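J.: One structure is given below, represented as structure tokens, and several questions about it will come after.
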Amino acid sequence: MRLNIVVVGVGGQGALTTSGIIARAAMKAGLNVVTAETHGMAQRGGSVEVHVRIGDVKAPLIPEGGADVMIALEPAEALRYAKFLNRNSLVILNTRKIIPPSVTAGSATYPDLDDIINELRKITPRVIPVNASEIAEKAGNVLATNIVVVGMLFGYYSMPFSIEHVEEAIKETMKSKIVDLNLKALKMGYNQAISARPSAV
């Protein structure tokens, strides 16, 4: 068994936390896990790319075209790292944009969301756009967007470990004052995926 997950986003969205929780949950299930942060967060707002490889793997980096799943916390970042996708990849795409300073300053333009989705679907039809940030706000805090998306992953994809392992990982790694919020966000993401799955995948 081999599962390759690439998590992409910008600084401050919790991409590293996301990958860490997935990795810990997999290890709790007794699975081999290798992770790699290939574009680190030197400053808030920069591009982040993290690889999580589970199962029969040794090398930390997912080869181009080798991702089974992409978790995209920001739309344009999904497009930036589309090289990892293949025809069968699942993309869970948070649709809330984070406009970079270059766009604000007028030196660059931000692609239209529909164009981003269409470009991704030229590679794989399994692109699921969802405003996970809005779901996180309903759970209690937009900072839980990354955990909403993890919950959605378990609703859309047959994972080799259980969502209960994720709950354990959240309890072990997060501060006690935000555990309940994140458990709620996880459940809301999962339930949203389960309810939407027949028409979305």
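The values are calculated or read from the model by the stated rules, or taken from the named source; none is laboratory data. From a predicted model like this one, the values you see are computed outputs, not experimental measurements. With ideal geometry, Cβ positions are generated from the backbone for all residues, glycine too; neighbour counts draw on all protein chains shown. Only protein heavy atoms, including side chains, enter the accessible area calculation; ligands, DNA and RNA are left aside. Shrake-Rupley method; radii C 1.70, N 1.55, O 1.52, S 1.80 Å.
J.: Can you pull the three principal axis extents for the Cα set of segment 123-166, in Å, largest first?
T.: Dimensions of segment 123-166 along the principal axes of its Cα atoms: 30, 28, 11 Å.
J.: Segment 75-120: D in µm²/s via Stokes-Einstein (Kirkwood Rh, Cα pairs, 10 °C, 1.306 mPa s)?
T.: Approximately 137 µm²/s, per Stokes-Einstein.
J.: Picking from Y157, M188, A25, whose Cα lies most toward the positive end of the charge dipole for the chain (charges on Cβ: Lys, Arg +1; Asp, Glu -1)?
T.: About the Cα centre, the residue reaching furthest to the positive side is A25.
J.: Within the chain, which whole H helices from DSSP have a Cα span along their axis of at least 18 Å and a mean Kyte-Doolittle hydropathy of 0.0 or more, if any?
T.: TM-like helix candidates: 15-28.
J.: In nm, what is the difference between 0.36 nm times the number of residues separating E168 and T104 and their Cα-Cα distance?
T.: Result for the pair: 19.0 nm of gain on full extension.
J.: Same structure again: By DSSP, what percent of the beta bridges with both residues in the chain are antiparallel, rounded to the nearest 5?
T.: Close to 55 percent.
J.: I've got another one for you. For the chain, what is the convex hull volume of its Cα atoms per residue in Å³?
T.: About 116 Å³ per residue, rounded to a whole number.
J.: If you don't mind, there's one more thing I want to ask. Just to be sure I understand the curve: with the Debye formula and one point per C-alpha of segment 1-113, what is log10 I(q)/I(0) at q = 0.10, 0.20 Å⁻¹?
T.: -0.29, -1.04
J.: Grab the DSSP H runs of the chain that are 4 residues or longer, score each as -39,500 (n - 2.57), total them, divide by all residues and round the 222 nm result to the nearest 500 deg cm²/dmol.
T.: Computed mean residue ellipticity for the chain: -13500 deg cm²/dmol.
J.: Further question: In Å, the Kirkwood hydrodynamic radius of segment 67-147 over pairs of distinct alpha carbons?
T.: It is 13.2 Å.
J.: While we're looking at this one, here's another question. Quick check: residue separation of A36 and K83 times 0.36 nm, minus the Cα distance between them. What number comes out in nm?
T.: Stretched out fully, the A36 to K83 stretch lengthens by 15.2 nm.
J.: For K97, K177, K187, what's the largest-to-smallest order of accessible area, 1.4 Å probe?
T.: Ranked list, largest accessible area first: K177, K187, K97.
J.: Another question, if that's okay. Determine the principal axes of the Cα atoms in segment 137-201, then give the extent along each, sorted from largest to smallest and rounded to whole angstroms.
T.: On the principal axes, segment 137-201 reaches 36, 27, 13 Å in Cα extent.
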